[in-house]
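Note sheet for the following structure.
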Amino acid sequence: MIYNATGKIYKLFDAQRINDKLTKREFVLEIQDGQFPQLVKFETMNDKCELLDRFNVGDTVTVRFNLRGREWTNPKGETLYFNTLSVYEVYASDEVRETLSAKTRFEARDVDKAYAQEKKSDTSSYSPSKVDELEESDDLPF
């Protein structure tokens, strides 16, 4: 799931080397939400940690992020759930409008092309049994 959020950088943490293959850097955005601003923690991973190097506390930025969730059972047998806001793009406030509108135009063109191509393809030759055969030969894990 892809989301955008705009806010002021409230706190920048140093990068943490978790192991040989994983580096993580967290930061907090102050996001205006009505009367009470929200302090929301985000994280960047590996090569995305560098995205924060050009920003300082107090800068207004827009982040594009994925919402991730997972389940974990602790040693007591209790099941806990965690969410992660994993950032993959960070823009300064003055870059946001231009960059995001260009991305939106690009993504809209891709959707239009896919829709047009789908309408062109003739699906009348597919019977339910053919569709089942195609799905069974699919090597995707889901």
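The values are calculated or read from the model by the stated rules, or taken from the named source; none is laboratory data. Since the structure is predicted, the reported quantities are computational estimates derived from the model, not experimental observations. For neighbour counting, all protein chains shown are included, and Cβ atoms are generated from backbone atoms with ideal geometry for every residue, glycine included.
Structure above, values below:
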| read-out | value |
| --- | --- |
| Filtered residues of the range 84-96 (kept if surrounded by 10 or more Cβ atoms within 10 Å (Cβ to Cβ) and not hydroxyl-bearing (S, T, Y)) | L85, V87, E89, V90, A92, E95, V96 |
| Residues that are loosely packed, with under 12 Cβ neighbours inside 10 Å and acidic (D, E), drawn from the range 26-49 | D33, D47 |
| Qualifying residue in the range 23-45 (condition: β-branched (V, I, T), part of a strand (DSSP E or B), out of contact with any Lys or Arg (no Cβ under 9 Å at 6 or more places or on another chain) and closer than 18 Å to T84 by Cβ) | yes |
| Criterion violated by T23 - all others in (1) in contact with a helix residue (DSSP H, G or I) (Cβ under 8 Å, 6 or more places away or on another chain); (2) without any contact (Cβ under 8 Å) to a residue 24 or more places away in the chain satisfied | (2) |
| V57, sole failed condition from (1) out of contact with any Ser or Thr (no Cβ under 9 Å at 6 or more places or on another chain); (2) outside any strand (DSSP E or B); (3) surrounded by 13 or more Cβ atoms within 10 Å (Cβ to Cβ); (4) among the aliphatic types (A, V, I, L, M) | (3) |
| Criterion (more than 29 Å from N19 (Cα to Cα), aromatic (F, W, Y) and either modelled with pLDDT of 55 or more or in a loop (DSSP other than H, G, I, E, B) (or both)) met by exactly one of Y88, Y126, Y81 | Y126 |
